[in-house]
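Step one of this worksheet: look at the structure below.
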Amino acid sequence: MYPVRIEGTRVILREFAEDDLDDCMAVVGDPDVTYFLSFDTRTRDQHADVLAKDVQRAQSDPRPDYYLAIADRHTDQLVGFVRIALDAHQRGELGYALRKDRWGQGITTEACQLILGFGFKTLGLHRIQAACGPDNHGSQKVLVKLGFTYEGRMRDHVYTNGNWRDSLLYSSLRTD
Ligand SMILES: CC(C)(COP(=O)(O)OP(=O)(O)OC[C@H]1O[C@@H](n2cnc3c(N)ncnc32)[C@H](O)[C@@H]1OP(=O)(O)O)[C@@H](O)C(=O)NCCC(=O)NCCS
């Protein structure tokens with residue numbers, strides 16, 4: 001399905017465009033944001049390549065993921081990302097990140113509610129899971145606010161910032 005555009009109260013989820021690059025850098029170029037992500041902080045040149053591939057990948061059929069920009073509803077400015085990666089068994093994996101100066105305003109919670117509705121209703125997913133670092137209390141709070149269930153701790157789940165790191169696994173089922 002392409003292009004996807006999902007309207008919320010304060011944000012819109014939409015496809016990435018190559019001219020989002022400067023706004024993306026407020027997310028992927030900020031070590032305080034990428035500290036909690038599974039990739040290292042990127043330079044503008046590095047992310048230009050990634051963004052071009054993201055724009056292309058969105059147009060593949062079938063799509064391996066729905067990786068969407070979180071944009072301000074009034075200005076259309078990209079403020080973050082939200083993603084559902086698709087897997088077998090009607091299963092998806094949720095991920096998200098927001099530029100730091102917009103943290104704590106409920107924006108990620110709203111963006112996730114929108115993409116979860118899309119995942120369960122439009123894509124027909126049965127289970128959506130999310131994994132986050134044990135010290136990522138903001139992300140854990142988002143998942144609890146979304147009604148996710150904590151399932152357990154995965155040992156050495158990701159290699160990030162030069163070390164193996166455990167992750168906490170959460171999930172939401174269509175039947176929840
Ligand atoms: C995690 C993140 C996406 C949250 O985005 P956000 O838009 O600030 O989230 P929301 O405002 O919807 O909700 C965050 C909640 O956690 C709370 N919170 C934020 N940081 C916290 C912390 N360190 N400890 C406890 N609670 C925290 C907020 O107060 C808010 O709760 P409230 O609604 O009761 O006030 C954002 O901090 C971020 O981009 N972090 C870096 C990337 C990342 O961690 N991605 C997820 C990887 S699993």
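The values are calculated or read from the model by the stated rules, or taken from the named source; none is laboratory data. Please read these numbers as outputs of a predicted model, since none were measured by experiment. When we count neighbours, we look across all protein chains shown, and the Cβ atoms used for this are built from the backbone with ideal geometry, even at glycine.
In region 46-75, of all residues being in contact with a strand residue (DSSP E or B) (Cβ under 6 Å, 6 or more places away or on another chain) and among the hydroxyl-bearing types (Ser, Thr, Tyr), the one that is nearest to residue 123 (Cα to Cα) corresponds to 66. Within region 6-53, the set of residues being exposed (fewer than 14 other Cβ atoms within 10 Å of the Cβ), of a type in the set (Asp, Glu), away from the ligand (no atom under 11 Å from the Cβ) and touching a residue at least 24 places away in the same chain (Cβ under 8 Å) comprises 7, 18, 40. Restricting the first member to region 90-115 and to residues that are closer than 17 Å to residue 27 by Cβ and among the aliphatic types (A, V, I, L, M), and the second to residues that are near the ligand (Cβ under 7 Å from one of its atoms) and in a loop (DSSP other than H, G, I, E, B), the beta-carbon pairs closer than 8 Å and six or more apart or on different chains are 97/36; 97/37. Within region 66-87, none of the residues are exposed (fewer than 15 other Cβ atoms within 10 Å of the Cβ), more than 27 Å from residue 10 (Cβ to Cβ) and over 16 Å from the mean Cα position of the chain (by Cα).
Scanning region 141-174 for residues that are without any contact (Cβ under 8 Å) to a residue 40 or more places away in the chain and part of a loop (DSSP other than H, G, I, E, B), we see that the one that is surrounded by the fewest Cβ atoms within 10 Å (Cβ to Cβ) is 162. Of the residues screened, residue 5 is one that is charged (D, E, K, R) and at pLDDT 95 or above. Residue 105 meets all of the listed conditions (1) closer than 21 Å to residue 8 by Cα; (2) near the ligand (Cβ under 7 Å from one of its atoms); (3) in a helix (DSSP H, G or I) but one, namely (3). The residues of region 111-139 that are more than 7 Å from the ligand (Cβ to nearest atom) and not hydrophobic (A, V, I, L, M, F, W, C), listed by number, are 113, 117, 119, 121, 122, 124, 126, 127, 129, 134, 135. Checking each residue in region 90-102 for being more than 8 Å from the ligand (Cβ to nearest atom) and over 14 Å from residue 171 (Cα atoms) picks out only 101. Screening 79, 142 for residues that are within 20 Å of residue 41 (Cβ to Cβ) and within 11 Å of the ligand (Cβ to nearest atom) leaves exactly one candidate, 79.
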